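Colleague: Supplied in structure tokens, the structure appears directly below.
No lab work stands behind these numbers, since they all come straight from the coordinates. Here the structure is a predicted model, which is why all the values come from computation and not from measurement. Neighbour counts are summed over all protein chains in view; Cβ atoms, including those assigned to glycine, are modelled from backbone coordinates with ideal geometry.
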Amino acid sequence: SYTTKQTNGNIAIMDNKIKLPKLGSIKFAKSREVEGRILNATIRRNPSGKYFVSILVETDAEPLEKTDSVVGIDVGLKDFAILSDGTIHKNPKYFRTLEKKLAKAQRVLSRRKELAIKQKRKLSEAKNYQKQKRNVARIHEKILNKRADYLHKISTEIIKNHDIIGIED
């Protein structure tokens, strides 16, 4: 990854393209409009081979409206969270749903590694090993994305509906 600072308009967004120093103009999938003054941009590559651009902007935050609602949260193992108003958020087992697929992909990766070592090749040069490594990384990424999405949805819902939140042990 690398981070670059905004100076003299070197970082700019035009429709579905982003202008970056060293890279020039690049097409990208814009998740939402950039509002505010751009401070810097970080470009990073994840293990599955995808590239992401994070843009830091200076903007004014608008407070949420008051709801005059107080809630306590009990975080557990069987259920993810139980609110004091009786709302139960289930604990989806995202790892369990992809466990068999991940185990199979990891076994294939192990065989690819053994074959590369047997052929006296570096793992960085073994193309089938590298492809399988990306496949395993994609499965891990899918699990991570599902968990993060669920947590963001629950936390956003709780914050929008309640003003004061207490956590119970």
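Colleague: Restricting to Cα atoms and excluding each atom paired with itself, what does the Kirkwood estimate give for the range 2-58 in Å? Mind showing how you got there, number by number?
Modeller: Working: mean 1/r = 0.0849 Å⁻¹.
Computed over the range 2-58, the radius equals 11.8 Å.
Colleague: Hey, of (1) 22.3, 68; (2) 14.8, 43; (3) 17.2, 62, which did the structure itself give for Rg and Dmax of the Cα atoms in Å when calculated?
Modeller: After the calculation, the listed value that fits is (1).
Colleague: Once you charge only the Cβ atoms, +1 for Lys and Arg and -1 for Asp and Glu, what is the size of the charge dipole of the chain about its Cα centre, to the nearest 20 debye?
Modeller: Roughly 2540 debye, rounded to the nearest 20.
Colleague: With respect to the cross-link table entries LYS30/LYS131; LYS19/LYS120; LYS17/LYS120, which display a Cα-Cα separation exceeding 32 Å?
Modeller: LYS19/LYS120; LYS17/LYS120
Colleague: Also, quick follow-up: Please work out the C-alpha center-to-center distance from the range 75-99 to the range 1-50 and express it in whole Å.
Modeller: Comparing the Cα centres of the range 75-99 and the range 1-50, I get a distance of 36 Å.
Colleague: Moving to a separate point now. Among all the lysines, which ones have a C-alpha under 17 Å from LYS78's C-alpha, if same-chain residues fewer than 8 places away are not counted?
Modeller: Once the sequence-local lysines are set aside, what remains near LYS78 is LYS90, LYS93.
Colleague: Just the Cα atoms of the range 71-130: what Rg and Dmax do they give in Å?
Modeller: That works out to 21.2, 63 Å for Rg and Dmax.
Colleague: Right, here's the next one. Put +1 on the Cβ of each Lys and Arg and -1 on the Cβ of each Asp and Glu in the range 1-99; which of ALA61, ASN10, HIS89 then has its Cα farthest toward the positive end of the dipole?
Modeller: Working it through, the farthest residue towards the positive pole turns out to be ASN10.
Colleague: On a full-extension model of 0.36 nm per residue, what is the gain between ARG107 and ARG37, subtracting their alpha-carbon distance, rounded to one decimal in nm?
Modeller: Going from the current span to full extension adds 20.4 nm.
Colleague: Excluding residues on the same chain fewer than 8 positions from LYS101, give the aspartates and glutamates whose Cα lies under 20 Å from its Cα.
Modeller: Within reach: GLU141.
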